[in-house]
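Undergrad: My structure is below; once you've seen it, I'll send some questions.
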Amino acid sequence: MEVFLIKALQLILCFAILILLHEGGHFLFSKIFGVRVKKFCLFFDPAINLGFHRFSGTLKLFTWRGTDYHLGWLPLGGYVNIAGMVDESTSAEDLEKDDTPQNQMFKNKPAWQRLLIMVGGVLVNFLLALFIYAMILFVWGTQYVPIEKYTKGFAYNEQAEKLGFRDGDIPLRTEKRTFKAYDADLFRDISEARSVVVLREGKEVQLSLPGDLNLLDMLQDQPRFMEVLAPSLIDSVAKGSPAEQAGIRGGDVLLSFNGKELSTWNEFDQEMGKIHDVLSAKTESSGGLFSCSSSKPAGCSPADSAKLRAVSVVVRHAGKQETDTLHFRMDPDFRMGIYKHSPMTDYVKQSLTTEQYGFLESFPAGIAHGWNVLCGYVDDLKYLFTADGAKSVGSFGTIGNLFPAEWDWLRFWELTAFISLMLAFMNILPIPALDGGHVLFLLYEVVTRRKPSDRFMEVAQVTGMWILFALMAYAIFNDVVKFIF
């Protein structure tokens, strides 16, 4: 419950900042051009009829210079009610009844002024993200392990090996840029590159690439396209676990698993993956919904479970040269109780690099970083039209889970900046009911010098809202599926 509250509070604070400033962009340009803003509401205030009481949840804070400032009860959005504009709260009929002076009506202003009013929110979100990124660099700088410091190299899956990668290779650069760290940009560059240079046994080797690898597959495949190569050193063993009872201790090295020689945890994970593939196949063939485990409804027989849980391992005990062959059974959830030693711990201790930025230096660096993040986000949207990409679409539950379980200001501001960029881009899409829809009709007016009627704008607004409701329903459905399964 505590974790949920921490994540929820971070999400609400993030939304409050972004919504307040987004709507503030529309508000600012409206005031500059003399358009009346009748209501400024942070968060939504949909009415709920409880049968005995109709609850709107609106809290009127104050009125200043003709604008009522409200606080809604549903922290999922906000709005400004601009006089003379058809939107989700104002119909064409409402405009006819509006007693606002004609010179303060949105619809009576020149097209270029209305255009700036509509892009005001997107512009603020975009500039806010760049400013936050700049301040992150100024306050925290950047920390990373240089790619060349991953001295043991990386482990590659079967797809990568077909392209010429070998375990232990360290990717250095593509024809586009030189790699700085092991991050999402490295995967993206490799997916789009025609060639890559790797460091192999102290020598640079150039590999040819197709230039159109599926980034989503590279990140989601098990094992992934590439991962930090992790020698099979055992960090510790859970007390009372099958591994401890068999005599395995922290500091031991795993040399073989079920007859398969190995030297890395990456190879071990592949072997465990084969076991889980067998489990899945047996479960599906028998109509079960769960893995073959005695602690859950089983899709395979107890005999199958016992057979798959029986393992044979070869270990070299800490400080000794001789090896020991051990036979035992994994627990009902197919775990041995071994904790792997992560080489990342060693890399961070030995090679973590921090780059600090002065106040003035942080702005161009923040702008460059923000632009790179936006370009990557826009480029990745093409995966939404794939089966796996569509499944990844989520709503507020998915966004909330991005925040850490403990309050971390650095992570909070990084996510706030990213979501601000995301909102800016999504809002400028030419969908009626979004800012981009209004911009589209305004550009049509500028080009053709024909202004769409208020009735047309109302129909377009309603159509856009239904499209958004449908998308939201699909995103919420995906969240529910992820939560249940």
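Undergrad: Could you tell me whether the stretch 60-76 includes any residue that is more than 20 Å from ALA424 (Cβ to Cβ), at pLDDT 95 or above and part of a loop (DSSP other than H, G, I, E, B)? I'd like the intermediate steps shown before the answer.
TA: Step one: of the stretch 60-76, the residues more than 20 Å from ALA424 (Cβ to Cβ) are 60-74.
Filter once more, keeping what is at pLDDT 95 or above: none.
Scanning the stretch 60-76 turns up no residue that is more than 20 Å from ALA424 (Cβ to Cβ), at pLDDT 95 or above and part of a loop (DSSP other than H, G, I, E, B).
Undergrad: Starting from the stretch 342-356, take each residue that is farther than 10 Å from VAL228 by Cβ and list its partners that are hydroxyl-bearing (Ser, Thr, Tyr) and surrounded by 12 or more Cβ atoms within 10 Å (Cβ to Cβ), counting only C-beta distances under 7 angstrom and pairs at least six apart or across chains.
TA: Sorted first by the residue in the stretch 342-356, then by its partner, the pairs are THR353/TYR144; GLU355/THR142.
Undergrad: On to the next question. From (1) open to solvent by 40 Å² or more (accessible area, probe 1.4 Å); (2) touching a His at 6+ places or on another chain (Cβ under 6 Å), pick out the condition that doesn't hold for ASN125.
TA: In the conditions (1) open to solvent by 40 Å² or more (accessible area, probe 1.4 Å); (2) touching a His at 6+ places or on another chain (Cβ under 6 Å), ASN125 misses (1) alone.
Undergrad: For the stretch 318-334, which residues satisfy the criterion of being without any contact (Cβ under 8 Å) to a residue 24 or more places away in the chain and of a type in the set (D, E, K, R)?
TA: LYS320, GLU322
Undergrad: Scan the stretch 357-370 residue by residue and report those that are hydrophobic (A, V, I, L, M, F, W, C) and without any contact (Cβ under 8 Å) to a residue 60 or more places away in the chain. Show your work before the answer.
TA: Of the stretch 357-370, the ones hydrophobic (A, V, I, L, M, F, W, C) are 359-360, 363, 365, 367-368.
If the condition is that a residue be hydrophobic (A, V, I, L, M, F, W, C) and without any contact (Cβ under 8 Å) to a residue 60 or more places away in the chain, then LEU360, ALA368 are the ones that fit.
Undergrad: Given the conditions (1) at pLDDT below 95; (2) part of a helix (DSSP H, G or I); (3) of a type outside the set (A, V, I, L, M, F, W, C), report the number of the one that ASN125 does not fulfil.
TA: (1)
Undergrad: Now a separate question. Give the residues of the stretch 303-358 that are aliphatic (A, V, I, L, M) and open to solvent by 40 Å² or more (accessible area, probe 1.4 Å), sorted by residue number.
TA: Residues of the stretch 303-358 that are aliphatic (A, V, I, L, M), as a first pass: 303, 306, 308, 310-311, 313-315, 318, 326, 330, 336, 338, 344, 348, 352.
Passing the criteria: ALA303, ALA310, ALA318, MET344, VAL348, LEU352.
Undergrad: Report the residue count in the stretch 24-39 for those that are open to solvent by less than 20 Å² (accessible area, probe 1.4 Å) and either assigned to a loop (DSSP other than H, G, I, E, B) or farther than 13 Å from THR67 by Cα (or both). Quick ask: steps written out before the conclusion?
TA: First, the residues of the stretch 24-39 that are open to solvent by less than 20 Å² (accessible area, probe 1.4 Å): 25-26, 30, 35, 37.
Then keep just the ones that are either assigned to a loop (DSSP other than H, G, I, E, B) or farther than 13 Å from THR67 by Cα (or both); that gives 25-26, 35.
Within the stretch 24-39, residues that are open to solvent by less than 20 Å² (accessible area, probe 1.4 Å) and either assigned to a loop (DSSP other than H, G, I, E, B) or farther than 13 Å from THR67 by Cα (or both) number 3.
Undergrad: Restricting to the stretch 63-90, and then to whatever is among the polar types (S, T, N, Q) and open to solvent by less than 30 Å² (accessible area, probe 1.4 Å), can you tell me which residue is farthest from ARG36 (Cα to Cα)?
TA: Keep residues of the stretch 63-90 that are among the polar types (S, T, N, Q), which gives 63, 67, 81, 89-90.
Restricting the remaining residues to those that are open to solvent by less than 30 Å² (accessible area, probe 1.4 Å) gives 67, 81, 90.
Values: THR67: 8, ASN81: 9, THR90: 14 Å.
The extreme case among them is THR90.
Undergrad: Looking for whichever is at pLDDT 90 or above and either within 30 Å of GLY400 (Cβ to Cβ) or in contact with a helix residue (DSSP H, G or I) (Cβ under 9 Å, 6 or more places away or on another chain) (or both) here; the options are GLU23, GLU96. Which one fits? Write out each step before concluding.
TA: On the way: GLU96 fails: at pLDDT 90 or above.
So the residue among GLU23, GLU96 that is at pLDDT 90 or above and either within 30 Å of GLY400 (Cβ to Cβ) or in contact with a helix residue (DSSP H, G or I) (Cβ under 9 Å, 6 or more places away or on another chain) (or both) is GLU23.
Undergrad: LEU215: out of contact with any Pro (no Cβ under 9 Å at 6 or more places or on another chain), aliphatic (A, V, I, L, M) and either touching a residue at least 12 places away in the same chain (Cβ under 8 Å) or within 20 Å of GLY337 (Cα to Cα) (or both), yes or no?
TA: Numbers: out of contact with any Pro (no Cβ under 9 Å at 6 or more places or on another chain): yes; aliphatic (A, V, I, L, M): yes; either touching a residue at least 12 places away in the same chain (Cβ under 8 Å) or within 20 Å of GLY337 (Cα to Cα) (or both): yes.
Answer is yes for this residue.
Undergrad: Would you tally the residues in the stretch 391-417 being modelled with pLDDT of 80 or more and touching a Gly at 6+ places or on another chain (Cβ under 9 Å)?
TA: Number satisfying all stated conditions: 1.
The values are calculated or read from the model by the stated rules, or taken from the named source; none is laboratory data. Keep in mind it's a predicted model, so treat the numbers as computed, not measured. Cβ sites come from the backbone with ideal geometry, for glycine too, and all protein chains shown count toward neighbours. For accessibility, only protein heavy atoms count, side chains too; no ligands or nucleic acids. Shrake-Rupley method; radii C 1.70, N 1.55, O 1.52, S 1.80 Å.
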